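J.: Here it is, the structure, as structure tokens.
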Amino acid sequence: MDFVLSEEQRMLADSLRRRVGELWTLSRRRQARTNAALDATAWSALAELGVLGLTISSDHEGFGEDPASLLPVHGELGRGLVAEPVIPSAVIAATVLARAGNDDAEARWLPAIASGAAILTLAYLEPGRRYAARPANTHATRGASGWILDGEKSAVWHGGAATAWIVSAADEAGATVLLMVPRDVPGVAVLDTPTMDATRAARLTFTGVQLDDSALLAQGHAADAAIEAGLQWGIAALCAQAAGAMERLLALTVDYLRTRKQFNQPLAAFQALQHKLADMAIAKELALSMAYVSVAALTEPDAAERRRRISAAKIEAARAGRQVGQLAVQLHGGMGMTDELELGDYFKRLTAVDLLLGDTAYHYAQMAAQERTA
């Protein structure tokens, strides 16, 4: 895979950095933490820049970029701590739709995702089942004119802002079914809550939700494969965002140590602190390198090797994020724990990276499983 940015990719990254700098300021992030509603201005800006349709096929009004484009774009989103549902909707849900094989659903929803008119998110996690991707306690049964959905989904990333949810459920035979559930359908209860990193998650409860046959996106192996592909693309984008956040956090820490003085010397002049900065820089570069690995893995034809690479990248993004975040707080001293600095926002986001889309223990288990079956 060629990771040399094209002229168009460089221009997009530069435009995105400027726009992010204008819209995702510290004061605006503070306001957004107390507001559950989606920022329409920010979301429209992302759509206008092409971020939401980046990898959606040109047949569906997207730009049809290859996976390598995730790196510069999501690196900038991470650098600016963009909290909007870009990964849940424009990456994960768009990939699931594209892999599900339902032409009518693609034609209806993918252009709406690309334009920002619709927000979709994948509802696959269930209470008490950690990161298990296959549904067990959410059931879809055949009704007289379609499907009847019952069950509960937890930790649905930006589920409260969604126009519709892609819900996984088990059919009568225990096979996975993917259903498109519009927000306004009767029988759905939504509990929207903030997360520690200023994004949001929701718990969805489905009680006798009736859906027609057009709601079916995929069933059986096709549904499982679509979910796996969506999560893998989401992890690759998340790794790129984590690397971008680490880059910005390192720059903030360097600026602070150059400004803050002790014994009439800037803190950056002390060798022990320089060593800590070097550790942060190395961790950031390792995370960036593994973000490249994750993006390259998306085109790997061998499924087991693709899983290994994706999990390895996620593990390194989480490890490096914790190291960079904790060192940044330590090097800022007491100021690092205050709400006056945006340092804490980056620390929380990098801490949350480990919990999203499978934590470190889960991905170690995934890698071990691939080794056993190799």
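The values are calculated or read from the model by the stated rules, or taken from the named source; none is laboratory data. Everything numeric here is computed off the predicted structure, so don't read it as measured data. Every residue, glycine among them, receives a Cβ derived from its backbone with ideal geometry; neighbour counts consider all protein chains shown. Side chains included, ligands, DNA and RNA excluded: accessible areas come from the protein's heavy atoms. Shrake-Rupley method; radii C 1.70, N 1.55, O 1.52, S 1.80 Å.
J.: From the list L71, L52, L38, which one is surrounded by 13 or more Cβ atoms within 10 Å (Cβ to Cβ), closer than 29 Å to T193 by Cβ, at pLDDT 90 or above and of a type outside the set (V, I, T)? Give the derivation first.
T.: Working: L71 fails: closer than 29 Å to T193 by Cβ; L38 fails: at pLDDT 90 or above.
Among L71, L52, L38, only L52 is surrounded by 13 or more Cβ atoms within 10 Å (Cβ to Cβ), closer than 29 Å to T193 by Cβ, at pLDDT 90 or above and of a type outside the set (V, I, T).
J.: So is T207 open to solvent by 20 Å² or more (accessible area, probe 1.4 Å), β-branched (V, I, T) and touching a Lys or Arg at 6+ places or on another chain (Cβ under 8 Å) or not? Walk me through how you get there before you give the answer.
T.: On the way: open to solvent by 20 Å² or more (accessible area, probe 1.4 Å): yes; β-branched (V, I, T): yes; touching a Lys or Arg at 6+ places or on another chain (Cβ under 8 Å): no.
No.
J.: Moving to a separate point now. Hydrophobic (A, V, I, L, M, F, W, C) and open to solvent by 30 Å² or more (accessible area, probe 1.4 Å): which single residue out of M280, M290 fits that description? Even if it seems obvious, please write down each step before you answer.
T.: Working: M280 fails: open to solvent by 30 Å² or more (accessible area, probe 1.4 Å).
Criteria check complete, one pass: M290.
Quick grid of which residues meet (1) open to solvent by 10 Å² or more (accessible area, probe 1.4 Å); (2) among the small types (G, A, S); (3) touching a strand residue (DSSP E or B) at 6+ places or on another chain (Cβ under 6 Å):
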| position | (1), (2), (3) |
| --- | --- |
| A93 | no, yes, yes |
| A98 | yes, yes, no |
| A107 | yes, yes, no |
| L110 | no, no, no |
| G128 | yes, yes, no |
| T141 | yes, no, yes |
| S154 | yes, yes, yes |
| L179 | no, no, yes |
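J.: Same structure, new question: Of all residues in region 297-353, which are charged (D, E, K, R), open to solvent by 70 Å² or more (accessible area, probe 1.4 Å) and outside any helix (DSSP H, G or I)?
T.: Result: D302, D339, E340.
J.: Could you go through region 192-213 and let me know if any residue there is in contact with a helix residue (DSSP H, G or I) (Cβ under 6 Å, 6 or more places away or on another chain), modelled with pLDDT of 95 or more and closer than 20 Å to L110 by Cβ.
T.: no
J.: Report whether or not Y256 is touching a residue at least 60 places away in the same chain (Cβ under 8 Å), within 18 Å of L341 (Cβ to Cβ), in a helix (DSSP H, G or I) and among the aromatic types (F, W, Y).
T.: yes
J.: Say we look at region 156-172 and pick out the residues that are assigned to a strand (DSSP E or B) and of a type outside the set (S, T, Y); which of these is surrounded by the fewest Cβ atoms within 10 Å (Cβ to Cβ)? Don't jump to the end; show me each part of the working.
T.: Of region 156-172, the ones assigned to a strand (DSSP E or B) are 156-157, 164-170.
Checking which are of a type outside the set (S, T, Y) leaves us with 156-157, 164-167, 169-170.
On the way: V156: 24, W157: 24, A164: 20, W165: 27, I166: 27, V167: 28, A169: 28, A170: 18.
Filtering first and then ranking leaves A170.
J.: When region 182-202 is examined, which residues are found to be polar (S, T, N, Q), open to solvent by 30 Å² or more (accessible area, probe 1.4 Å) and part of a loop (DSSP other than H, G, I, E, B)?
T.: In the first step, residues of region 182-202 are kept if they are polar (S, T, N, Q); the result is 193, 195, 199.
From the residues that got through so far, the ones that are open to solvent by 30 Å² or more (accessible area, probe 1.4 Å) too are 193, 195.
Once the filter is applied, which keeps residues that are polar (S, T, N, Q), open to solvent by 30 Å² or more (accessible area, probe 1.4 Å) and part of a loop (DSSP other than H, G, I, E, B), region 182-202 yields only T195.
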